[in-house]
Amino acid sequence: MRILVTGGAGYIGSVVTAHLVEAGHEVVVLDNLVTGHRDAVAPEATFVEGDIADASVTGPVLADGIEAVMHFAAYSLVGESAEHPEKYYRNNVVGTFGLLEAMREAGTPSLVFSSSAATYGEPEVVPITEDAPTRPTNAYGATKLAMDHMIGFYCAAHGLGAVSLRYFNVAGAFGTRGERHAVETHLIPLVLQVPLGQREAISVFGTDYPTPDGTAIRDYIHVNDLSRAHLLAVAACTPGEHRIYNLGCGDGFSVREVLEVCREVTGEPIPAVEVGRRAGDPARLVASSERIQAELGWLPEFGLPDMVRDAWAFAQYRANDFPDEV
Ligand code: UFG
């Protein structure tokens, strides 16, 4: 297929682009490089620097034989979204509206969208199914939900075939492609900065959660497993249908358990400092991925030690080969 990947210079988009190219697809990456990295884009892909909201860019790209769009381009910092919701609504919601309009104009039939577990908010029941109430607790999650709703209405009214994948906690790396955020907030890359000598200790946010060891529990999924789901999803797009699938492994790991795996993988002690809760963090987020397993035959292949091993190899590669960028 000829596929447009928006945000293909970012962490997840660059991994999926590499997998699409490996699988023989023709890929065009559209990225404004605000948070992405040009050198993360697979050399076999065509690269277009531009914004999803700019119809003068998306129009000609889509008209050039694009059969499906994978839409990753978005802002994704929960804390920042609380301070600047306008930034999130403009880039995520208005940007996606522009992209959907350009797709409608060009007659692009299929869309795979990066949605988020943040659309659910604090769950009443765990594991979280796709039928759970959607009550996002931050602007980031609210924009992802607004985009999901918009896509659903475009499917019903205009015959678009779409799949929204609601990611839980994505981790790991695919070779030289991994997390390279200017502002890093995610647990595993932050923990790995300690054995690299870039951070003295990791802060554990909250030890009084109603969980067995008092720290918050998340469902971690390897970026390679996540990527594979995108290739299955694009093949499953059906005109007029909007499918929503959760993507996690169905296992919860506490912050302390993640730390322990990081210590085992790196062989380093990794000191931790216990501090107060981070605002807005739910106690326990674990996915039920039964729907995608049943309907698309997706199954995770990698566990938490694999994610940490690959993230660690990637972090060492970046620190050794690009020491000035640390
Ligand atoms: N944590 C720490 N110390 C840190 C960083 C994180 O203890 O230095 C804890 C957090 O409090 C949380 C857990 O580690 O309990 C995981 O935190 P992350 O920031 O790695 O991930 P989140 O669960 O907060 O966020 C992820 C995605 C978001 C998405 C959210 C809900 O990164 O985009 O899941 O789906 F919104």
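Just a few scattered comments:
- Axis of helix 223-236 versus longest Cα principal axis of the chain: the two differ by about 20°, to the nearest ten degrees.
- Neighbour net charge for Arg38 - beta-carbon separation under 9 angstrom, K R +1, D E -1: -3
- A 1.4 Å probe, protein heavy atoms only, puts the accessible area of His71 near 0 Å².
- Value of [θ]222 nm, deg cm²/dmol, for the chain, DSSP H segments ≥ 4, -39500 (n - 2.57) each, nearest 500: -11000 deg cm²/dmol
- Helix 255-266 axis, angle to the chain major axis (alpha carbon atoms, nearest 10°): 80
- Accessible surface for segment 48-192, divided over its residues, is 41 Å² per residue with a 1.4 Å probe.
- Around Thr6: net Lys/Arg minus Asp/Glu count, Cβ-Cβ under 10 Å: -2
- Net charge, Pro133 excluded, C-beta distance under 12 Å - Lys, Arg +1, Asp, Glu -1: -3
- Taking Cα atoms only, the orientation of helix 95-106 departs from the longest principal axis of the chain by about 30 degrees.
- Between Ala279 and Asp54, the FRET efficiency estimated from the beta carbon spacing at R0 = 25 angstrom works out to 0.15.
- Quarter of Cα convex hull surface for segment 125-219, i.e. mean projection, nm²: 9.4
- Potential extension, His186-Phe153 segment - 0.36 nm per residue separation minus Cα distance: 8.6 nm
- Take the Cβ atoms of Glu86 and Ala201, set R0 to 35 Å, and the FRET efficiency comes out at 0.50.
- Here Phe302 sits with roughly 60 square angstrom of accessible surface, probe radius 1.4 Å.
- Averaging the sequence gap over all C-alpha pairs within less than 8 Å and six or more residues apart, then dividing by the number of residues, gives the chain a relative contact order of 18 percent.
- Taking every C-alpha pair closer than 8 Å and separated by at least 6 residues, the mean separation divided by the residue count of segment 232-290 gives a relative contact order of 59 percent.
- Each eigenvalue of the Cα gyration tensor of the chain, multiplied by 5 and square-rooted, gives one semi-axis; in descending order these are 31, 23, 18 Å.
- Comparing Pro305, Pro133, Pro210 in a Gaussian network model of the chain (Cα springs below 10 Å), the most mobile by mean-square fluctuation is Pro210.
- Heavy-atom accessible surface of the chain: percent carbon and sulfur, 1.4 Å: 52
The values are calculated or read from the model by the stated rules, or taken from the named source; none is laboratory data. None of these values were measured; they are calculated from a predicted model. Positions of Cβ are backbone-derived with ideal geometry, glycine not excepted, and every protein chain shown enters the neighbour counts. The protein model used for the area step is the full one, side chains on, heavy atoms only, and it has no ligands, DNA or RNA in it. Shrake-Rupley method; radii C 1.70, N 1.55, O 1.52, S 1.80 Å.
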